[in-house]
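Here's the structure we're looking at; comments come further down.
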Amino acid sequence: MTDKPQGFDTLQIHAGANPDPATGARQTPIYQSTAYVFRDAEHAAALFNLQEIGYIYSRLTNPTVSALAERINALEGGAGTICCSSGHAAQIMALFPLMGPGRNIVASTRLYGGTVTQFSQTIKRFGWSAKFVDTDDLDAVRAACDDDTRAIFCESIANPGGYITDIPALADIANGAGVPLIVDNTSASAYLCRPIELGATLVVNSTTKYLTGNGTVTGGSVTDSGKFDWTASDKFPSLSEPEPAYHGLAFGPALGPMAFTFHSIAVGLRDLGMTMNPQGAHYTLMGIETLSLRMEKHVANAEKVAEWLEKDSRVEFVTYAGLKSSPYHARMSKICPKGAGAIFTFGLKGGYDACVKLIDNVKLFSHVANLGDTRSLIIHSASTTHRQLNEAQQVAAGAAPNVVRVSIGTEDADDIIADLDQALAKATA
Ligand SMILES: *Cc1c(COP(=O)(O)O)cnc(C)c1O
């Protein structure tokens, strides 16, 4: 045996999953148990003091969920990972130890629609706020960071157009401001993009999408790089000072690179309860074993479909960053050298009406509000997810009335193209 780190294809199958010590079961069992028997009173006390690692109650940790957390941690190259009930739960869990009333985050304008709503509306109830800026304008990002800023938030490959974010540039700005960069890696997955290697402190994933890959369960994860020094300033008292919510334990000084992860379990999951269940973790463990194989095919198909669409006279533009014509193409080599993912938008010359007819005439594509499935998916944002916005807001969000978003699946590329071809014919007849 050598100490050479294992490759991605090996880790996605084996990380976090040894044969079951009790039965030898090779596949990770679904530990459908709420609680775990303590050896004795001393053992119980040691667990509650975080002096010994073990299982107490499944709102905090569960063996099946822990196997998945360890696997995502290995794929993202983190120090620690927690799993949550959804991607949106993961975003709140990532912010929870950092924020307090009056604090803000600086967030990209190019985000998943649900995240825009969560950040612009819902977090206000906690006294938190978000300042949205175009993350291609680095001066604007720098200017938006103030004394109350506690994180910068972006997506690696951003919704809905599949734009690629300059993660190292944002990491530099975050470092200068003394705050972590949080990257939502959902649309890329760890196979295409490794945000921690590019300077991110925290990586969130909606495991609902590519990590599970088959549209069965919702889930999320938060991975901490372990590299941020929470005690370097007084900005992050939950991590640097005695935590009143955990009998005065100072997580940063006591736990170093694991401070964020242990705080997220011992305080975040304990009190917010946005826990992943073991059955859900099982489906995601099944999916993640083939992540790299699926992503290769997603990317190969997306490249073929985007190239075909770009040449079609009925199509006005295609935003896929994997196309040489994309202004984001040059960032691929640095940010996601294996491919620009499989989510992008295209515009139809026929406008809103043609888009609606296209959606109504696809047969292989599914018309759903989801992405990252093995199935090809399509949605017309202006009449669905972005319906509440006025036209100017729709245009700014990359969801103008003539724009369709696709998530290219792993079917035969020829069949995907044939389906678009026949639906475009009907849409523009
Ligand atoms: C789906 C998605 C989310 C939200 O995840 P859920 O699991 O649906 O809560 C967040 N970010 C991105 C980029 C997504 O695609």
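Annotations for the structure displayed:
- Between 0 and 90°, nearest 10: helix 278-288 axis offset from the chain longest Cα axis: 50 degrees
- Couplings 3J(HN,Hα) of region 397-407, computed from phi: 7, x, 10, 4, x, 9, 10, 10, 9, 10, 10 Hz, in residue order, whole Hz [Karplus 6.51 cos²θ - 1.76 cosθ + 1.60, θ = phi - 60°; x for Gly and Pro].
- For residue 116, solvent-accessible area (1.4 Å; no DNA, RNA or ligand), Å²: 50 Å²
- Those trypsin sites (Lys or Arg not before Pro) in region 1-95 that DSSP places in a loop and that have at most 12 other beta carbons within 10 Å: 26, 39
- Region 10-287 - Debye-derived log10 I(q)/I(0), Cα point model, q = 0.09, 0.10, 0.12, 0.15 Å⁻¹: -0.40, -0.49, -0.71, -1.11
- Think of region 10-287 as having a plus end and a minus end, set by charges on the Cβ of Lys, Arg, Asp and Glu; of 265, 149, 278, 278 sits farthest toward the positive end of this dipole.
- Exposure check, 1.4 Å probe, all protein chains in place: residue 70 carries approximately 110 Å² of accessible surface.
- Considering only region 291-427, percent of DSSP beta bridges that pair antiparallel, nearest 5: 85 percent
- Volume per residue that the Cα convex hull of region 7-162 spans, once the total is divided by residue count, Å³: 169 Å³
- Computed about the Cα centre, the dipole magnitude for the chain is approximately 560 debye when only Lys and Arg (+1) and Asp and Glu (-1) carry charge, each at its Cβ.
- Share antiparallel - DSSP beta bridges, the chain, percent rounded to 5: 60 percent
- CD proxy at 222 nm, helix term only [per DSSP H run n ≥ 4: -39500 (n - 2.57); per residue of the chain; nearest 500]: -10000 deg cm²/dmol
- The figure for residue 20 is an accessible area of roughly 10 square angstrom, using a 1.4 Å probe on the protein chains alone.
- Here the Kirkwood formula, the inverse mean of 1/r across different C-alpha pairs, assigns region 291-427 a hydrodynamic radius of 15.0 Å.
- Options 41, 31, 380, ranked by Cα towards positive dipole end of the chain, top entry (Cβ charges): 380
- Shape category assigned to region 107-184 from the gyration tensor of Cα positions, a/c cut at 1.5: oblate
- Exposure rank, largest accessible area first [274, 286; 1.4 Å]: 286, 274
- The chain - accessible surface per residue (Å², probe 1.4 Å): 41 Å²
- Around the amide H of residue 317, modelled in the peptide plane, lie the amide H atoms of 347, all under 5 Å away and 5 or more residues distant in sequence or on another chain.
- Probe 1.4 Å, all protein chains present, accessible-area order of 283, 163, largest first: 283, 163
- One equal scatterer on each Cα of region 383-429, no solvent, Debye formula: the resulting log10 I(q)/I(0) at q = 0.17, 0.31 Å⁻¹ is -0.67, -1.04.
- Relative packing of 206-212, 323-329, which averages over residues the other C-beta atoms within 10 Å, highest first: 206-212, 323-329
- Across 297/338; 349/426; 304/338, pairs whose alpha-carbon gap is larger than 20 Å: none
- Tensor-based shape of region 134-266 (alpha-carbon gyration tensor, a/c under 1.5 rounded, otherwise prolate or oblate): oblate
- Normalised contact order of region 10-287, rounded percent, pairs of Cα under 8 Å and 6 or more residues apart: 22 percent
The values are calculated or read from the model by the stated rules, or taken from the named source; none is laboratory data. Just so you know, these numbers come straight off a predicted model, no measurement behind them. Positions of Cβ are backbone-derived with ideal geometry, glycine not excepted, and every protein chain shown enters the neighbour counts. The accessibility values were calculated without ligands, DNA or RNA, using every heavy atom of the protein model including side chains. Shrake-Rupley method; radii C 1.70, N 1.55, O 1.52, S 1.80 Å.
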